[in-house]
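The values are calculated or read from the model by the stated rules, or taken from the named source; none is laboratory data. All of these numbers come straight from a predicted model, not from anything done at the bench. Methodologically, a virtual Cβ is constructed for each residue, glycine included, from the backbone with ideal geometry; neighbour enumeration extends over all protein chains shown.
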Amino acid sequence: MNADAVSAVAGMATLITGIGELTTNDPGADDPCGTLTDAAVLVEGGRISWVGDTARVPSVPATAEVVDVAGRAVLPGFVDSHTHLVFGGDRADEFEARMAGRPYTAGGIQRTVAATRAASDAELSARVRGFVAELHRQGTTTVEIKTGYGLTVDDEARLARIAREVTDEVTFLGAHVVPAEYAEDRAGYVDLVTSAMLTAVAPHCRGIDVFCERGAFDEEESRRVLAAGAARGLQPRVHGNQLGEGPGVALAVAVGAASVDHCTFLSDADVALLAGSDTVATLLPGVEFSTRQPYPDARRLLDAGVTVALASDCNPGSSFTSSMPLMIALAVREMGMTVAEAVWAATAGGARALRRTDVGAVRVGARADLVVLDAPSRTHLAYRPGVPLVTEVWKDGARVFAA
Ligand SMILES: [Zn+2]
């Protein structure tokens, strides 16, 4: 499809009607999911132009496509606010060994760095495009992608550029691990990340991230990285409190980070800090599932008033799944979240974590990013884990997947 054809599709009107259960995330008095029944949605110019009762649909253009979903559930496209999708190789052998009893450490990242450096631009680009198609099939319409498997100036810049071909949400993660060639000069690597590497990568990025954890970067190194990124206008985010309690959450809140991601091991002080901030706690249960670690206690965060997002952390080491329906199922089954809380966290919560107001909700003016389930309610996402319920997906008003 050429660019003109794409814009023609985006400019078309589509009426989606016969929606049995519509999750709008337009909050009502006691329903954060803003649930409507027997609903319809009108899409014009790639945006939502009307939402309401099927019986009250306004007159639509004669050329509008009318899609009757026959009582199925519709929800906003999933917002996966944390992935690492530009990389070479995989680590199936490491996964197999870990399942046989060896604990996960961050060291495996170095293997993916070597495989990524060895891959051509064309190989990496083709692969990330394949992942985007995989995301669409599972209902994800907004994805954040981090760099972090290049760890040289040129490699980080090309990963950011390749990621930028498929999403506006690119995050610089030069501070993922210290690469082998800087093992004896950590300070020199942090200097590089905060100077030449940042300069090369920043034009492609919206965010900057740091892996603030034992075996990765300490609090002071992390603070330097985030400050340098913020000075370039990049939104700070933090990988923290994944492997144990640590300074990640406090640092994220102190610098006004959009999100702190993992939050598996939190002190009471961490929870209180999050509750008093607008930093989102992004939970990544694919990691705990894939590494056999204890899940984060989402209930504790929600009860304290913390804003929670769910994301896949899709990466070849600790969570090689891009399935947001799986994250919802795990959050409900293992982390104490209600279905409504989990679906909100995977849509509106992800949008909050990216500080976006145009995605994650079905309301007038939002991007027309919509998912149809072959099920009567969103509950089936958790109730029928592993079943491919996503049957139709629109992004910016264009159908990007139909089963
Ligand atoms: Zn991650």
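For this structure, a couple of remarks:
- If only residues of segment 141-159 that are more than 16 Å from the ligand (Cβ to nearest atom) and farther than 13 Å from A202 by Cα are counted, the one that is nearest to the chain's Cα centre (by Cα) is T142.
- The listed residue being modelled with pLDDT of 95 or more and in a loop (DSSP other than H, G, I, E, B), out of G148, G130: G148
- Of all residues making up segment 374-388, the number that are assigned to a loop (DSSP other than H, G, I, E, B) and within 18 Å of V362 (Cβ to Cβ): 5
- Boolean, G276 is surrounded by fewer than 24 Cβ atoms within 10 Å (Cβ to Cβ) and more than 13 Å from the ligand (Cβ to nearest atom): yes
- Filter result (away from the ligand (no atom under 16 Å from the Cβ) and under 12 Å from the mean Cα position of the chain (by Cα)) within segment 315-345: A345
- Close Cβ contacts (under 9 Å, 6 or more residues apart or on different chains) running from residues in segment 114-131 that are among the small types (G, A, S) to residues that are assigned to a helix (DSSP H, G or I) comprise A114/A180; A119/R127; S125/I162.
- Among the residues listed as I48, I109, the single one being surrounded by 14 or more Cβ atoms within 10 Å (Cβ to Cβ), in contact with a strand residue (DSSP E or B) (Cβ under 9 Å, 6 or more places away or on another chain) and either in a loop (DSSP other than H, G, I, E, B) or not assigned by TED's automatic domain parsing to the domain that holds L373 (or both): I109
- Screening L251 on (1) over 19 Å from A269 (Cβ atoms); (2) of a type in the set (A, V, I, L, M, F, W, C); (3) free of Cβ contacts under 8 Å to residues at least 60 places away in the same chain shows it passes everything except condition (1).
- For segment 285-314, the set of residues classified as within 21 Å of G139 (Cα to Cα), touching a helix residue (DSSP H, G or I) at 6+ places or on another chain (Cβ under 8 Å), within 16 Å of the ligand (Cβ to nearest atom) and not acidic (D, E) consists of P285, G286, F289, A309, L310, A311, S312, C314, listed by residue number.
- Residues being within 16 Å of the ligand (Cβ to nearest atom), in a loop (DSSP other than H, G, I, E, B) and more than 21 Å from the chain's Cα centre (by Cα) - total across segment 202-258: 4
- Meets criteria (buried (at least 22 other Cβ atoms within 10 Å of the Cβ), under 20 Å from L192 (Cα atoms), within 16 Å of the ligand (Cβ to nearest atom) and in the same structural domain as T147 (by TED's automatic domain parsing)) for C263: no
- Pair list, Cβ < 8 Å and 6+ apart or interchain, from segment 134-156 residues that are over 24 Å from F401 (Cβ atoms) to residues that are among the hydroxyl-bearing types (S, T, Y) and assigned to a helix (DSSP H, G or I): Y149/T112; Y149/T116; G150/T116; D155/T116
- Annotation: A180 fulfils all but one of (1) modelled with pLDDT under 95; (2) under 22 Å from V260 (Cα atoms); the unmet one is (2).
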